[in-house]
Amino acid sequence: MKKNSIKLYLLLISIMLVIAGCSSTSTQVENESTSSDSPTKVVFWDLFSGNDGTVMTEMVNEFNKEHPSIKVEKITQEWGEYYTKLTTSVLGNKAPDLGISHATRVMQLEHEGVIQPMGEIAEANGINFDDLSENAVNSTIIEGTNYAVPLDYHAFLLFYNKKLLGDLNLLNDEGIPEFNSYEEFISLLEKVKEGNPDITPLALRGQGTHPLRLWYTFYKQQGGGDIYSSKDAKATIDKEIGKNSLEAVYDLYNTYKVVPPKIENIDEMFQSGKAAFMINVTGAVDNTYKVLGDDLGVLKFPTLFDKPSVYADSHTFILPTNPNRDEKTTKAAMTFVKWVTDNGWKWSKAGHLPVSKNALDSKELKNQPFRSEYESESEYMEYLPPNEKVWFANSSELMDVLDSIWIKNVSVEEGLEKVEQVINDQLQD
């Protein structure tokens, strides 16, 4: 189904509902919402697995216990199928009352008619967007209207094994590896390789989203602007910076060979003591700490080039288009959203940084492992520009081209040209 047809289908469905009166689904929702003997039910879809899923389940259970008049029913969809199922549920008039979206996907969902505005509804239920971090909020504003309530930041961190590096005398007196540039970081990785050939210097995924995010991080650190213009529907990559940042990632795999090709599981490699460093996301912190304990060190992503910058995204709450959701259910859903954002330090147990300013400053957050080491990273996080047609953060076409560079199927120069072509083709489709 073409994306530009979705709004028409939604309109037709709404008309059919009016003509038909009440569907069985709406009757069920109405009964559940209006019964004085039962709590107001909020169907909440998420895409959280692993530690994310565990923490969110704990929060839902705690909220339900504290709010006996509301029952949030959390239904987790498979990550790779989530957005397709969400769109299908809206088209089939079976949408959840509340959902999750990445901030970089919000504009596309709005363009397709899958979500509705949240600004006025959120503010009417006590959510103050000024209490949330500005760059996260701005990432979900479309033509002056808030379409989501941000929950967190997630971005890259640099993990290191204190014992492995200490045995090689590669830590300073404070137990921290020292380097101030890309060249110094490479030198440190090469010392690991020379000092203990059985250890992988750096665990980094060899394909997919992580190399894409690393390239974007290096591109931004070298002063690059947006890699595309949604308004002009074309790629806007700075050729020199684009080439240099691609080479910086390529060299890790191929020139210096400090990252082995095709690592199957970077978490398993690092947690088993087979890698000295690991580049991974915030969500990996607590599980890694449970395994390595005091042997683990975590740093905010280092500035290896001209200025601090790191690729980031946010999980956000959204209201799917749902004519069956009544005012009482909407209010209950927003009560849950406010409670979760106000208690962002609890969600941070999944490793992510909360966007609530109060949660960021809370003692509870600072008492969690390593949060004080990377909480300031939120000041220089960079999102991919929102786009109504393409979710570039998860574009398989874009990642396929980048992966062909890392495995040397194409040169950096040819790969950069193909990256531009993929962006242009997708924006102009």
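The values are calculated or read from the model by the stated rules, or taken from the named source; none is laboratory data. A quick note: this is a predicted structure, and the numbers were derived from the prediction, not measured. FYI the Cβ positions are ideal-geometry reconstructions off the backbone, even for glycines, and counts take in every protein chain you see. Quick note on the areas: whole protein, heavy atoms, side chains included, nothing else; ligands and nucleic acids left out. Shrake-Rupley method; radii C 1.70, N 1.55, O 1.52, S 1.80 Å.
Some values worked out for this structure:
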read-out	value
Test result for Tyr289, in contact with a Pro (Cβ under 7 Å, 6 or more places away or on another chain), assigned to a helix (DSSP H, G or I) and hydroxyl-bearing (Ser, Thr, Tyr)	yes
Segment 226-241, residues that are open to solvent by 70 Å² or more (accessible area, probe 1.4 Å) and not in a helix (DSSP H, G or I)	Asp226, Lys231, Asp232, Lys234
Any hit, segment 56-73, residues being surrounded by 15 or more Cβ atoms within 10 Å (Cβ to Cβ), within 18 Å of the chain's Cα centre (by Cα) and either in a helix (DSSP H, G or I) or of a type in the set (A, V, I, L, M) (or both)	yes
Qualifying position, being surrounded by 21 or more Cβ atoms within 10 Å (Cβ to Cβ), touching a Phe, Trp or Tyr at 6+ places or on another chain (Cβ under 9 Å), of a type outside the set (Lys, Arg) and modelled with pLDDT of 95 or more, among Asn254, Asn280, Asn244	Asn280
Hey, Ala284 farther than 19 Å from Val192 by Cα, assigned to a strand (DSSP E or B) and of a type outside the set (Val, Ile, Thr) or not	no
Any chance Val106 is of a type in the set (Val, Ile, Thr) and closer than 16 Å to Asp152 by Cβ	yes
Odd one out for Pro369, checked against (1) open to solvent by less than 30 Å² (accessible area, probe 1.4 Å); (2) more than 29 Å from Tyr147 (Cα to Cα); (3) not in a helix (DSSP H, G or I); (4) not acidic (Asp, Glu)	(1)
Checking Lys191 against (1) modelled with pLDDT of 95 or more; (2) over 17 Å from Pro260 (Cα atoms); (3) open to solvent by 50 Å² or more (accessible area, probe 1.4 Å), the condition it does not meet	(2)
Candidates Asn146, Asn196 - the one that is under 21 Å from Gly273 (Cβ atoms) and either open to solvent by less than 50 Å² (accessible area, probe 1.4 Å) or of a type in the set (Phe, Trp, Tyr) (or both)	Asn196
Members of segment 314-325 found to be over 22 Å from the mean Cα position of the chain (by Cα) and crowded, with 18+ Cβ neighbours inside 10 Å, listed by number	Thr321, Asn322, Asn324, Arg325
Test: residue in segment 399-406 that is farther than 16 Å from Leu214 by Cα and either open to solvent by 20 Å² or more (accessible area, probe 1.4 Å) or among the acidic types (Asp, Glu) (or both)	no
Checking Thr341 against (1) surrounded by fewer than 21 Cβ atoms within 10 Å (Cβ to Cβ); (2) in contact with a strand residue (DSSP E or B) (Cβ under 7 Å, 6 or more places away or on another chain); (3) farther than 30 Å from Asn244 by Cβ; (4) not hydrophobic (A, V, I, L, M, F, W, C), the condition it does not meet	(1)
Residue, most open to solvent (accessible area, probe 1.4 Å), within segment 152-180, restricted to residues that are touching an Asp or Glu at 6+ places or on another chain (Cβ under 6 Å) and of a type in the set (D, E, K, R)	Lys163
Filtered residues of segment 284-301 (kept if open to solvent by less than 20 Å² (accessible area, probe 1.4 Å), of a type outside the set (Val, Ile, Thr) and under 21 Å from the mean Cα position of the chain (by Cα))	Ala284, Phe301
The lone exception for Tyr216 - which of (1) within 21 Å of Glu413 (Cβ to Cβ); (2) part of a loop (DSSP other than H, G, I, E, B); (3) touching a strand residue (DSSP E or B) at 6+ places or on another chain (Cβ under 7 Å) it fails	(2)
Enumeration of residues in segment 224-255 that are polar (S, T, N, Q) and more than 24 Å from the chain's Cα centre (by Cα)	Asn244, Asn254, Thr255
Test: Pro261 is open to solvent by 50 Å² or more (accessible area, probe 1.4 Å) and either within 26 Å of Ala393 (Cα to Cα) or not in a helix (DSSP H, G or I) (or both)	yes
